[in-house]
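Below is one structure, written out as structure tokens; the observations come after it.
The values are calculated or read from the model by the stated rules, or taken from the named source; none is laboratory data. Keep in mind the model is a prediction, meaning the values are calculated, not measured. Reconstructed Cβ throughout: ideal geometry from the backbone, glycine too, with neighbour counts over all protein chains shown. Just so you know, the surface numbers come from the protein's heavy atoms only, side chains and all, with ligands and any DNA or RNA stripped out. Shrake-Rupley method; radii C 1.70, N 1.55, O 1.52, S 1.80 Å.
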Amino acid sequence: MPEDDAELIVANVLRGLRWATVAVTLAVVFGLQVPVVLANREAYTSYAVQWLVIAVYAGVALVVAAETAWHGDLGRWRWPLVALVLAASVASTAALAPRQRFGVAHWSYGTVGWPLALLTLGGGIGVLASLLGVYYCATVVQVVLGGATAATFAGAVSVTAVTASFQLAVGVFAALLRRVAATAVAMAKERERLRTAEAVAAQLHADRRDRYASLAQSVTPLLGGLASGVLDPADEAVRRACAVEAARMRRLFAEDPTAPDPLVHELRACIELAERNGVAVQFAERGDRPPMPKEARRLLTEPAVAVLATAKSTARLTVVGLDGTVTVSVVADAPADAVPEVDSGGVTTSTVVTEDRIWVEATWRQA
């Protein structure tokens, strides 16, 4: 399904993006913020809280990494972890001296977006933006209640814009990847549809040419003779020849490789034609038949088609499969001279004539 293909592509790409975001999160926490915490110990009213928040951020990154490695899904645990990250960030700000807030020592303010981006990756940019907005509002309330800051309002806004832009870019990239993947799958589906249509058209054209070539050997001389007046439509032999060719054309037009049983499907088309001509036809099939190539089916059904086309009133047609052989036999009140002899392509025929009836049996053996 194209939707399934798109989701698979998105999942694979998001998996790589998630690994990259895990690496960035751990690098920011341990490479940038741990040194800040170590260098500004006096700025915190609770030094232990800062390390606890660092552990929360790093733990979330490791949990997401494990989820990615095992192709798992956090499921219902995702939102409790989001709440934990937000609560830890608020606690980090609360454990910071008011005059240090929005300053260098306020390390969690610019870092909280990375674990939030990890937990909401693939969920849409709106989710991450909303969570960051909630955190920023909570932090502003804490700063206002503290009454003193290490930076001006303009400076805080500048820091917020810079840090949030990188984190939101991850969410935007994930959303764009989903659209690109869906577009790529749609284009691939369209190319496959065009290739299939071209292949079907080529096959249909080849089938038509094959049918025309098969009919040209017998139908063209017959039509030419009728058109030129060499053949008399009132002649019984000519009328039988026309009936046989009409039955052959009906069989060729009924060829359908997608039919459950192509052999029976083609024979039934000839039976319907015979019944429209007033012939009562009894049909029976028995046994298991192996798949037959198209040319073998044509040769095998050739005698039966001729008998059905020239039968006067009744016919009994039987198809039997046994031990890798297929036999088509027909008994009818038809003239013997209308039945072609077939002895090629693995097909053999035998004919028995008794009074006004003829029994023709054609057998094909699987090579």
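Given a 1.4 Å probe and the protein chains as shown, residue 271 ends up with an accessible area of around 10 Å².
Rolling a 1.4 Å probe over the protein heavy atoms leaves residue 143 with an accessible area of roughly 10 Å².
Relative to the longest principal axis of the Cα atoms of the chain, the long axis of helix 294-310 makes an angle of roughly 40 degrees.
Note on residue 62: accessible area approximately 100 square angstrom, rounded to 10, probe 1.4 Å, nucleic acids and ligands left out. Computed over protein heavy atoms with a 1.4 Å probe, the accessible surface of the chain works out to 53 Å² per residue. Sorting the segments 125-131, 217-223 by their mean number of nearby beta carbons within 10 angstrom, highest to lowest, gives 125-131, 217-223.
When 71, 205 are compared by accessible surface with a 1.4 Å probe, the order from highest to lowest is 71, 205. Shape index of region 3-192: Rg/Rh, with Rg the Cα radius of gyration and Rh the Kirkwood radius from the inverse mean 1/r over Cα pairs, equals 1.04. Could you give the angle, 0 to 90 degrees to the nearest 10, between helix 219-228's Cα long axis and the longest principal axis of the Cα atoms of the chain? So the inclination is approximately 50 degrees. The candidate values were (1) 29.1, 101; (2) 41.3, 122; (3) 20.7, 64; the one computed from these coordinates for Rg and Dmax of the Cα atoms in Å carries the label (2). What is the helix-to-structure angle for 153-216, meaning the angle in degrees between its Cα long axis and the longest Cα principal axis of the chain, kept from 0 to 90 and rounded to the nearest 10? Here the helix axis deviates by roughly 10 degrees.
Scalar couplings 3J(HN,Hα) for region 246-254, obtained by applying the Karplus form with A = 6.51, B = -1.76, C = 1.60 to θ = phi - 60°, are 5, 5, 4, 4, 4, 5, 5, 5, 7 Hz; x denotes Gly and Pro. R0 = 56 Å: FRET efficiency of residue 159 with residue 193, Cβ-based, nearest 0.05? The value I calculate is 0.60. DSSP finds beta bridges in the chain, and of those with both partners inside it, around 75 percent are antiparallel. For the chain, give the percent of accessible area contributed by carbon and sulfur heavy atoms, probe 1.4 Å, rounded to a whole number. The value for the chain is 63 percent carbon and sulfur by accessible area.
Residue ranges 191-202, 35-46 sort as 35-46, 191-202 when ordered by packing (mean number of other C-beta atoms within 10 Å per residue, highest first). The spread of Cα positions in region 232-365, taken along each principal axis and listed from longest to shortest, comes to 43, 30, 26 Å.
Ranked by the mean number of other Cβ atoms within 10 Å of their residues, highest first, the peptides 289-296, 113-120, 306-313, 253-260 come out as 113-120, 306-313, 289-296, 253-260.
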